[in-house]
1. Using the structure shown, select from Lys269/Lys327; Lys123/Lys177; Lys520/Lys604 the pairs with a Cα to Cα distance greater than 26 angstrom.
2. Please compute the contact order of region 91-141 in relative form: average sequence separation of alpha-carbon pairs under 8 Å and at least six residues apart, divided by the residue count, as a percent.
3. What does the convex hull of the Cα atoms come to per residue for region 77-199, in Å³?
4. Give me Trp240, Trp559 ranked fewest to most by other Cβ atoms within 10 Å of their Cβ, as a rough exposure proxy.
5. If each residue of separation counts as 0.36 nm, what is the full-extension length gain between Ala340 and Glu358 once their alpha-carbon separation is subtracted?
6. Give the relative contact order (percent, whole number) for region 81-286; include only Cα pairs under 8 Å separated by 6+ residues.
7. Given 0.36 nm per residue, what is the gain on full extension from Leu90 to Arg222 after removing their alpha carbon distance, in nm?
8. Whose amide H sits under 5 Å from the amide H of Cys354, counting only residues 5 or more places off or on another chain, with H placed in the peptide plane?
Amino acid sequence: MLHAGGARGIAGCGARGSTAASSPLASSWRPHALRAPLFHAPRCPFRTLRAPQLTVVNVSRPSDSPVPAAPRSFEQLGLQPNLVSALQGLGITEPTDIQSLAIPALTQRPGNYFLASHTGSGKTLAYLLPLVQALKAEEAAGFVPRPKRPRVLVLGPTRELTEQITGVAKRLCHTAKFRAACLNAYRSMADQSRFLAGPVDVLVATPTRFLQHVKEGNVFYRDIRWLVVDEADTVFEQGWGPEVASILAPLRTKPQPANVLLVTASLAKPVQRAIRELVPDAQELKTSTLHKAVSGSSHQFLTLPPGANKLQLLAEILGSDSRRSQKVLVFCNTMDSCRAVEHFSREEGMRCVCYHGEMPGEERQPIATSLWGDGGVAPLGCTKAKLGNTYFNIADELAQDEIAHVRLLRAVLGNLSVPQPLIDIGPAFAAAGNAAASLALNKSITLDPLFSPYDSDITFLHGAFIFEDVGATAYAGAAALIVDKAYLTAAAQILAAEAYHGGAVRFALTKLNNDRAPFKNLPGLKVRDVIEAISALRDAVDGPADTDQGIVTLNRGKWRSNLNPADSNGLIYTRNTDQVLRIVYLGGSSKGGFFPNGLNGGIKSVSS
């Protein structure tokens, strides 16, 4: 089955601007999650075939259908202001049909439910929003979250789905202030157990990985209030029913039994039977769009003449001019069929990769990233960080905030947004460390070991110091360039977040300022010396102004902490775009340093 779009969990794979479309080539080719050869611009010649019979079905758009009742607002559904604010930050202002059904039911009448609505209808937020609100109400009543004891457990059948759900939760957590974590085979048990050692509110997991952590004593059932089984149809069809039942059993027998929520995009009779056997008292919440085609999609049905070759027809479709610049998904109903299509496609000169559930996670993840990324380039120098639990959590929070900022900016800019440029977050740090040491000591220095923010808690803080101050001063400096009031407000809010980040990093460094820096060839170097060297390097490359400040300052005759790098009025100093570019390019004017090939936006070169 050829898709220029995709089902939930793999949506958005077609070319930008294209509408979702499906064209069954034969009844034996049915969509199946995670069994899809992925195609890029093919180079096979166009072949002349006997034309198959073509039937086109255009599913009416909402404007072609009777106008439904006006959607209720999230406030009318009883959602708390902080969650409404989080949704507004994501550009979501009106609830979908399933959200209008689920939010009041789950907040006002807790119990066992199954949610059923078509793919892409907003089911993830339909259950996350009311459950997070319930968690916050529980905390307001005095509940204190404990390590290893999540309160919401969300199970998904695939690693990709659990990552997707966690991503949605992370977008909410910075405004609603809760902690979400993901357990799947993409990350090691050790890394996950380290995160579970602290309080976790919402835990998203594959059934197998969750049970592994239960066996190891890394997570306990006692505080789980809600069990959510997402894509319940896939869970039961593909054999995870016994694992889910083993997880549900202790949740039913504990002093405060957990509520169960099963979420599905289809309600075939076998799925309904499985749900009724597992949770016989589950109440039904489903929309009228269940089992109906998505509005606005176009379905093209091709009936092959006798003796026609399906693969030959596939090659003709993919070789057409209209497909050459698009990314296309071909769904197959078996693993063998998936591999056969990939083999044929490669022989036809198409750039194609195979993607299915039996592939190891380390092979699937880069394929998914390359296919569903934003068109940007993967960064250089990524490596596993060696951080303690405290600094691991700090690094994770900083990263999630920055990801949220990028998503917000992309949503605000729309078509004006640009792909991510090539970012060097490995060798560039080493080059910056050597440059800072050489400037401070007035001679050429190569640090031993080379500076890497991934090596330890201290070097992570050094790396964070390089950028957090720059981020705060950059947004302050850019304020004068922003005319639109809404954009200015968003920039001010991001500036405040960057200032919090910078202050937290400076505070941690101040506590460690007398500790020795981890460089063998400079044994007397202390943390504060490294910070002063970084500050001096930023001052040296960003222009003649001498405004950068370290973590300690001579004030009223004594050395004191300097958490707020400010002027005599207590105001943070600013940097213009030229100054920021010189820092991130490590002295270059159009590229270099952390951006080896330069930036992709309208402002990418130093003006003078």
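Each reported figure results from applying straightforward, stated rules to the coordinates on display, with no laboratory input. Every value quoted in this text rests on a predicted model; they were computed, and no experiment measured them. Cβ coordinates were reconstructed from backbone atoms using ideal geometry, including for glycine residues, and neighbour counts include every protein chain displayed.
1. Lys269/Lys327; Lys520/Lys604
2. Once divided by the residue count of region 91-141, the mean separation gives 45 percent.
3. Looking at region 77-199, the number lands at 119 Å³ per residue.
4. Taking fewest neighbouring Cβ atoms as first place, the list is Trp559, Trp240.
5. 5.0 nm
6. Once divided by the residue count of region 81-286, the mean separation gives 29 percent.
7. This chain segment gains 44.2 nm when fully extended.
8. Here the answer is Leu38, since their amide H atoms fall under 5 Å of that of Cys354.
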